[in-house]
Structure formats: C-alpha cells, structure tokens
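Below: the structure, in structure tokens.
The values are calculated or read from the model by the stated rules, or taken from the named source; none is laboratory data. Since we're looking at a predicted model, the values are computed, not measured. Neighbour counts are summed over all protein chains in view; Cβ atoms, including those assigned to glycine, are modelled from backbone coordinates with ideal geometry. These area figures cover heavy atoms from the full protein model, side chains too; ligands, DNA and RNA do not enter into them. Shrake-Rupley method; radii C 1.70, N 1.55, O 1.52, S 1.80 Å.
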Amino acid sequence: NSTSSHVTAPARFAVTNIKQTASPNLVNPGAASATGSRFVKAGESFTATVTAQTTGGATTPNFGKESTPEGVLLTPTLVLPSGGTSGSLSNGTIAGGSFSNGVATVTNLAYSEVGIINLTSTVASGNYINTGGAVAATTTTNIGRFYPAQFALSGGTVTHRSGSSCSPASAFTYLGENFLLGLTLTAQNTAGATTANYSGAFTKLDPTSAGDWNVAGLGGTTTFTTANGRLSLGTASGSWTNGVASNVAITANATRASAADGPFSATFGVAPTDSDGVTMSTLNMASTSGGTADRTSVSLVALRFGRLRLGNAVGGQSRALSLPLTAQYWNGTAFDTNTLDSCTAIAPTHVSFGNLRKTLTTADTSVSGTSFPLSSGVGALKIGAPLGGRYGTMDIALSLGSSATDASCLQSWTPGSGDVATAGANLSFLRGAWCGSTYDKDPSARASFGLYRGADAMVYQRENY
C-alpha cells in the first residue's frame, strides 16, 4: 500500500462588502467617472471582506488553516484618471491568521490618491503551499471615487494697489482700491501628502471663481467681508496641476465706510470648500474680533482711507502756476499727508477748467506737462500762463471717477469748449467730503493770475466766490 497527498487550492477570492469604516459607513458607490459619487477621502480607512471560494462560488472554509497560514494580497490599479498617478494601498496584505472559515474582514484599508481604482486579489505568497496550486487573480469592480482629505495653503502674498502698476511697489492700499492676494493651494490626503490626481475633471474647486475662496479680513475690530459690505471681490485666476494650484490670484477691494476710518493693518484669509466638502487643513485667523478661527491667513494688508487734495495758487499773469496736489490719509484723528504714496498720478485728460473771470478766455486754459505724479504724497498740477497779458481767476477740477464726468463741489458749472476733462482718473477712492459729509466729491481749486496776493504779514484773506 502507498499513500499520496493532494493539495486543493481555492479557485479565487471574492472581495465584497466594501464600505467606509467610520460612520456613516458609506457603501462603495463604484463611480464610473469623475462626476460619480464620492466614497472616502484619500488615506481614509475603508473596509472589505475577502472570501476564498470554489469555482462554483462556495466558501472554502479551510483557507487560512494551512500549517503555515496563507494570506491574500490586494493590489490596486488606477482606473481613472487616465494617465494619472497610481497611489498606494495601505494594509493590502491580509494575513492567513485573519481568516475564519475562509473569510476575513479588514477594516484599515486606505488608498493614498484621488481617483477610482479596482483591487486584484492573489495569494500573498504567490504559490499556494509551495505546490504551484493555481488561484486565479480576481479583480473587483470600481472602487471610489476617492477625494482629497484637505487643502493646505502656502506662499501667501499681497500686491498693493494692483490696478496702478506702482513702481516701486506700494506698501499700502487705499480703502476702495483693488489689491491682489496671491497663494498656492495644495490638495492633500490624510497624511498631508499631495494628491496629484486632483486635477482636470477630478478637481471640485474652481480657482477662477472669486466667491469660492470665501475671502475675509480683520483689522483691529473691523471685519471686511462681502456680507457686511466692507469687501468686494473682482476676478480670480489659477489652475490645478498635479494637485497644486500654484498661481492663484484673487482681486479684492476693502471698501470705504461712510465716515473716514483706519488706518488698518488687516489680516486677510480664505476658506475655500469644494463641492465634495473638502476644506482647509488649518484655520488660523478669525474674521471677527474675539471670534474663533474661520479662515486661513494669506497676508497682512495695510489699508488707508485717502483723499486727494488740490490747493489754490496765486501768481503773476506771465508765469505758469503750480497748484499743490497732496495725497492725504486718515490717521485716526485727522487727515495727514500720505508720505507712502509715490504712485498716484494725474493726467491732463482728467482736468476741467471753468468759471473764467476778469479778462481770461478759454484760450488761456492749459496744462503744462503730460503727467503729474506724486512723490512721498506731494506733487503739483502745473497750469500754463495766460496769453496776451490777460489776467483773472479760473476754477479747476479733477475727474477722479471712472468717467470724465465731474463730481466736484463746483457743480453746477459749465466749462467752456475744450475745457472739459475727457477721461476719468479711476481714483474715486480718493474723493473727499469737500462740501458736505459724503466722501464723493472730486477735488477742485482756484488759480489766480496777475492778482495781488496780499502782504506777507497777512494772516488770513478770503475772496468771495
């Protein structure tokens, strides 16, 4: 008599009951595209049951009871995005000792990337009981969609007075004027590693939608948000590449209050949330005084409530006149020269002349120069001398709005032909309360040619007009 041993290996392994490990134990939706339902975060634990089966699909209860227990290896394959980065599967080797009657349930599987995968199950040793027993590799249907666990912000910057192309760069922005927030946003898994597949159709946050950034600022006790009217947003730009949006630029405007306030050293931050509910990994600034952190800081932004003042000038009828031009800001108690402003400039197209008196005519109204920039907050608007020995006074206004329309306290006046501004300076944030309490008036002044200016000892002189 003789005896021989016979080895029977399982025909295959079935991977079933795939679901989120933590509450609410979401069942794998098996998404087929980037628009499919989300499953778990990249790096978050999910559960699967592995069953050793016969060719007919019956459980083989002896699997895992070998003298050296055999186990199962689960190998992930990226289904989508096509050409994306393959992530890693944590705890994909299921030890033979985990099986009971041919069945093992593992609760700590985790996939590191964004996307959709499937899992292929094979004998962990690659050779069942070292006999070459064949166990067919079996592959699941789609698992996912996996999505990022969080966003992380880096490289926060501010470009002050972004619409003015200041050179050198400005160190502040006027209230009511645009500034630019720049940052890099990175999509990450639960371990803080970049999820490179958060790109293309798998991105659920549009960096070009300014409102989606939920920008807010806090300067002292003053909150700047779109909700309270102290913040408006313009355009935004940026794009996702390999899980990183490194070129984000958000145009923002901290609007003026009805009364002068500030100056502010305000912290501005963002709190984007994508359509999957992915939020920032760290919230480190509050948007309200004494409140809890609800934004991630991008940058400090120096803000000043400003106005542009045009002063009167008196001189000889044969000489050009320089009308003082001064940028001022509210220092908390009064308006003071804004020595930080070496960027603001006025052009001849912004100037209107009118109310000509004595012998002056429209032929005597001219601007001497092509541009009148400020340096350390001060400058001058140069008016050409009258012709033919004529003399008198003329009123001058600067159109600071987006159009040439005059909004000075001289209204209503009727400048002569050729004496009307032809363009706006786009500096409405530098209008003042020159005749009332509302900061919506353009600056104006009077130039006097060939008139007696009074004795040097004169303390005060006023001309009625």
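A few comments on the model shown:
- Spin-label model, Thr361 to Ser67: label points 7 Å out along the Cα-to-beta-carbon direction sit 12.3 nm apart.
- Efficiency of FRET from Cβ geometry, Thr35 and Thr405, R₀ 56 Å, rounded to 0.05: 0.70
- Using a probe radius of 1.4 angstrom, the carbon and sulfur fraction of the accessible surface of the range 274-382 is 48%.
- Summed side-chain charge close to Arg390 - residues other than Arg390 whose Cβ falls under 14 Å, Lys, Arg +1, Asp, Glu -1: +2
- Relative pair counts by distance (%), Cα atoms of the chain, 10 Å bins: 4, 16, 17, 14, 11, 10, 8, 6, 5, 3, 2, 1, 0, 0, 0
- Overall, the ratio between the Cα radius of gyration of the range 97-247 and 2.2 N^0.38 Å, rounded to two decimals, is 1.67.
- Ser100-Thr241 pseudo-label distance in nm [points 7 Å out on the Cα-to-Cβ vector]: 5.3
- In a fully extended conformation the segment linking Ser275 and Ala345 would gain 20.8 nm over its present Cα-Cα distance, using 0.36 nm per residue.
- The apolar share of the surface of the range 14-149, taken as the fraction of accessible area on carbon and sulfur atoms (1.4 Å probe, ligands and nucleic acids excluded), comes to 49 percent.
- Given 13 as the ceiling on other Cβ atoms within 10 Å, longest exposed-site-free region of the chain for trypsin sites (Lys or Arg not before Pro) in DSSP loops: 1-318
- Simple spin-label estimate for Asn426 and Thr208 in nanometres, 7 Å along Cα-Cβ: 2.1
- Here Thr333 and Ala169 are evaluated by their C-beta separation; at R0 = 41 Å the FRET efficiency comes out at 0.90.
- Cα-Cα separations in the range 315-465 greater than 25 Å, expressed as whole percent: 30
- The aspartates and glutamates within cross-link reach of Lys41, meaning a Cα-to-Cα straight distance under 18 Å and a gap of 8 or more places when in the same chain, are Glu113, Asp274, Asp276.
- 11 Å beta-carbon shell around Asn197, net charge (K/R +1, D/E -1): 0
- Listed by chain and number, the aspartates and glutamates placed with their C-alpha closer than 15 angstrom to that of Lys19 are Glu44; residues fewer than eight positions away on the same chain are left out.
- Measuring nothing but alpha carbons in the range 23-166 and taking Rh as the Kirkwood radius, the Rg to Rh ratio lands at 1.19.
- Accessible area in square angstrom per residue, the chain, 1.4 angstrom probe: 44
- Shape of the range 316-356, Cα gyration tensor, a/c cut at 1.5: prolate
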